[in-house]
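Data first, discussion second: the structure below is written as structure tokens.
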Amino acid sequence: MKYALEHIATALKTARETQGLSQRALSELTGVPQSHISKIETGNVDLRVSSLIELARVLGLELVLVPRKSVPAVNSIIRSTTGAVRTADPDYRAEFERLRRAIAALRRTDPASSELAQLQREVRDLQHMKVSSAHLEDLREITSSLQNIQEGQLPENLRPILSQVQQLRNSVAHDLESMPPVEKVRPAYSLEDEHEQ
């Protein structure tokens, strides 16, 4: 397997497993055959861009081309955001995992729902914010509401939940704005200082 493809295959598999999706469930959500997903993850097939975009979209990833000299900065940002999630309070990690699984289960019943796609984006954004312990119960309530939605009741029951998530995100953002300013940290490097190789 080529190095670039190995990196992409590993990232896709990790994202799928993090969200608690089987290859079959991901296949249902994306329309990409399960056997093709298996071959992609093991590096036994050349990855079509259209398949990559669809898999990335469902897994909450973005396919972006960046200038080569910006790659270290992008990798640093990725490490810092994924590191923040890993070191977060275990109660939050567990609750966000329950929430992601509830959304994934609903996506299997209605993969074309724009409300579910928006909810998934909102939760992903919320997960990368510093959520205080005061909001943990709100998060549990949202997860519980999602788990109680019956098949066929998705659109009308999802709108108030989406509104709850947006209100929670706004509340968390407001809490962050009211915090005292943090001393500016000087970056360890500057992209302008790097030379093309």
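Net length available on complete extension from Asp110 to Leu52 is 18.8 nm, with 0.36 nm assigned per residue and the Cα-Cα distance removed.
Between Thr10 and Ser163, the simple spin-label model (points 7 angstrom out along Cα→Cβ) gives 4.5 nm.
Exposure proxy ranking for Ile77, Ile53, based on other Cβ atoms within 10 angstrom of each Cβ and starting from the fewest, stands as Ile77, Ile53. By the equivalent-ellipsoid construction on the alpha carbon gyration tensor, the range 1-65 comes out with semi-axes of 16, 13, 11 Å, ordered largest to smallest. Ordering Glu62, Glu17 from the fewest to the most neighbouring beta carbons within 10 Å gives Glu62, Glu17.
Rounded to the nearest 0.05, the FRET efficiency derived from the C-beta distance between Ile77 and Gln153 at R0 = 41 Å is 0.60. Sort out for me the Cα centre separation of the range 105-122 from the range 5-38, rounded to whole Å. That distance is 17 Å.
Please label the shape of the range 89-179 as rounded, prolate or oblate, based on the square roots a ≥ b ≥ c of the eigenvalues of the alpha-carbon gyration tensor (a/c under 1.5 means rounded; beyond that, a/b larger than b/c means prolate, else oblate). Prolate is the answer for the range 89-179, as a/c is 1.5 or above and a/b outweighs b/c.
Read-outs: derived from the displayed coordinates by stated rules, not from any lab. Since the model is a prediction, treat every value here as computed from it, not as a measurement. Glycine also receives a Cβ, built like all others from the backbone with ideal geometry; neighbour counts cover every protein chain displayed.
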